[in-house]
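Worksheet for the structure shown next.
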Amino acid sequence: MCLFFYFSGNFNIDNQMNSKKSTIPFALLVVVVLLALFFPGLPAEGEHEFNGADVAWMLTSTALVLIMTPGLAFFYGGMVKKKNVISTMLQSFICMGVVAVIWVVFGFSLVFGESIGGVIGNPATYFMFEGVIGGPNWPGAPTIPFALFAMYQLKFAIITPALITGAFAERIRFTSYVLFLCLFFIFIYAPLAHATWHPDGLLAGMGVLDFAGGTVVHMSAGVTALASALYLKQGVTNGGHDPARVTYVILGTGLLWFGWFGFNAGSAFGAGSLAATALATTSTASGAAALAWIFFDAARGKKPTAMGVCIGVVVGLVAITPAAGFVTVPHSIIIGVVSSIVSRLVVEWRTRSRVDDTLDVFPCHGVGGMVGMMFTGVFATKTINGIVSTDGLYFGETGLFLAHLIGLIGAVIFTLIMAFVLLKITDMVSKLRVSPEEEEIGLDISQHGEKL
């Protein structure tokens, strides 16, 4: 299909729209198609027992987590300039295609395959989903099909690289971004997820608790976002933030908030009391964080804004994610309020600095995830979840808190170093940043030939 549009101005848009042929991505997709012919992924033999209620809830939760990525697209899309809305939203949407294919080929194996040193899974374990359909139930989800567990975890892998896009919105080449998100998944997300969620993982062995992805999802995305902002440097219009549609932000927040109940309560892997607890802490922390954001602003003479409420909600959701199934409901209020205030202060620091994290991914997701991880080490209790072997600092025990402190430092250092390395590799293969002219005209037209 051909796209025809009129553009007025001195910039020669025709030259920007003439993109070079790129056959490698299509060739790789053809290779995957050929692999599917030789590795059909036939169901494994064996009888397994399932709980109908748990299966129904996890099917629902899987859909809820997936809807978060389109929600994130609206959330970010409403915050950028009008000329970059489509490109920003597409950066989230494309993850649902790219990561899904990688996941089936070898991505699921990297995260949940046979452990190699506690840091990564053997890519051959479930290559092309062999042994997943009809496979033995995962130990942490014994009442649902293994394939359902795999598909639920896929949705987490999809949204994580999408979260990063807010840091370099309005100034990254789309093709380079796709390459980077592949590298990010393989070399940052998969190792962190394996180390945290695999029974033989390094962080799991240390006793680090992450109920639904505070470390795996939000810290990895937030720290990578900081590295990206530092690497790409400031945009040509840094400081002139002009949201395209605040209503998109509100809509996106609603979808994220709705989906997050599958994100957190679904991580109980069953329709029981633990899921109900996670749902309750998630609802409470996010509400408290929204109030804290605007009340903290009001206390300093600032107007309460829709953007402030929305960002506060998301920060609260981020912070409660690692703790949702480990802490009490009253303690979730503390997590929501403190994380909101800390993130608000970091946002203000960021705006005064030369770090051009366009949509404040690091202050909200990175810092929010860190606060949540440390509060998990403070408030986690075995009375809520029997998997907790050592109660948190609040209950007079120090082991869990220290494990989380060490885990946080290690995860941040690992992610920061790997992110810079992957950004450099991507930049060497395919230039990361658009030209000043492309940035000025907007990525919707310069990268995709489309506009609102």
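Being outside any helix (DSSP H, G or I) and not charged (D, E, K, R) is a property that Val412 lacks.
Residues that are surrounded by fewer than 19 Cβ atoms within 10 Å (Cβ to Cβ), closer than 23 Å to Thr224 by Cα, in contact (Cβ under 8 Å) with a residue 12 or more places away in the chain and not basic (Lys, Arg) within the range 422-448 comprise Ile425, Asp427, Val429, Ser430, listed in sequence order. Taken together, the residues in the range 140-188 that are within 18 Å of Ala411 (Cα to Cα) and touching a Pro at 6+ places or on another chain (Cβ under 7 Å) amount to 2. Evaluate the range 354-377: report whether one residue or more is among the basic types (Lys, Arg), modelled with pLDDT under 95 and either in contact with a Gly (Cβ under 8 Å, 6 or more places away or on another chain) or surrounded by fewer than 23 Cβ atoms within 10 Å (Cβ to Cβ) (or both). Yes, there is a match, as at least one residue in the range 354-377 is among the basic types (Lys, Arg), modelled with pLDDT under 95 and either in contact with a Gly (Cβ under 8 Å, 6 or more places away or on another chain) or surrounded by fewer than 23 Cβ atoms within 10 Å (Cβ to Cβ) (or both).
Is it the case that some residue within the range 297-305 is crowded, with 19+ Cβ neighbours inside 10 Å and of a type outside the set (A, V, I, L, M)?
First pass over the range 297-305, keeping only residues crowded, with 19+ Cβ neighbours inside 10 Å: none.
Within the range 297-305, none of the residues are crowded, with 19+ Cβ neighbours inside 10 Å and of a type outside the set (A, V, I, L, M).
Scanning the range 324-363 for residues that are in a loop (DSSP other than H, G, I, E, B) and either of a type in the set (S, T, N, Q) or at positive phi (or both) turns up Thr328, Ser353, Thr358, Asp360.
For (1) touching a Ser or Thr at 6+ places or on another chain (Cβ under 8 Å); (2) closer than 18 Å to Trp138 by Cβ, each residue gets a yes or a no:
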residue: Ala221; (1), (2): yes, no
residue: Tyr231; (1), (2): no, no
residue: Gln234; (1), (2): no, no
residue: Val246; (1), (2): no, no
residue: Gly254; (1), (2): no, no
residue: Gly266; (1), (2): yes, yes
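Just wondering, is there one or more residues in the range 310-321 that are buried (at least 24 other Cβ atoms within 10 Å of the Cβ), under 15 Å from Thr381 (Cα atoms) and at pLDDT 95 or above? Step through it out loud before you land on a result.
Going through the range 310-321, the residues buried (at least 24 other Cβ atoms within 10 Å of the Cβ) turn out to be 310-321.
Imposing the further condition that a residue be under 15 Å from Thr381 (Cα atoms) reduces the set to 320.
Next, from what is left, pick out any that are at pLDDT 95 or above: 320.
The answer is yes; a qualifying residue exists.
Take the range 262-281 and flag every residue that is under 19 Å from the mean Cα position of the chain (by Cα) and either among the basic types (Lys, Arg) or closer than 15 Å to Val337 by Cβ (or both). Correct list: empty.
Here is a yes/no grid of residues against (1) modelled with pLDDT of 95 or more; (2) farther than 27 Å from Val101 by Cβ; (3) in contact with a helix residue (DSSP H, G or I) (Cβ under 6 Å, 6 or more places away or on another chain):
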{"position": "Asn12", "(1), (2), (3)": "no, yes, no"}
{"position": "Ser22", "(1), (2), (3)": "no, no, no"}
{"position": "Pro25", "(1), (2), (3)": "no, no, no"}
{"position": "Leu29", "(1), (2), (3)": "yes, no, no"}
{"position": "Gly46", "(1), (2), (3)": "no, yes, no"}
{"position": "Thr62", "(1), (2), (3)": "yes, no, yes"}
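Of the residues Ala193, Ala275, Ala244, the single one that is in a loop (DSSP other than H, G, I, E, B), small (Gly, Ala, Ser) and out of contact with any strand residue (DSSP E or B) (no Cβ under 8 Å at 6 or more places or on another chain) is Ala244. Where helices (runs of 4 or more DSSP H) fall entirely within the range 61-140, those with at least 2 residues that are farther than 16 Å from Val216 by Cβ are at 85-93, 95-102.
For every residue, the table says whether it meets (1) out of contact with any helix residue (DSSP H, G or I) (no Cβ under 9 Å at 6 or more places or on another chain); (2) small (Gly, Ala, Ser); (3) at pLDDT 95 or above; (4) closer than 22 Å to Pro363 by Cα.
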| residue | (1), (2), (3), (4) |
| --- | --- |
| Phe211 | no, no, yes, yes |
| Met219 | no, no, yes, yes |
| Ala225 | no, yes, yes, yes |
| Pro243 | no, no, no, yes |
| Ile250 | no, no, yes, yes |
| Trp257 | no, no, yes, yes |
| Ser273 | yes, yes, yes, no |
| Thr277 | no, no, yes, no |
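The values are calculated or read from the model by the stated rules, or taken from the named source; none is laboratory data. Here the structure is a predicted model, which means the values were calculated and not measured. No Cβ is skipped: glycine too gets one built from the backbone with ideal geometry, and neighbour counts run over all protein chains shown.
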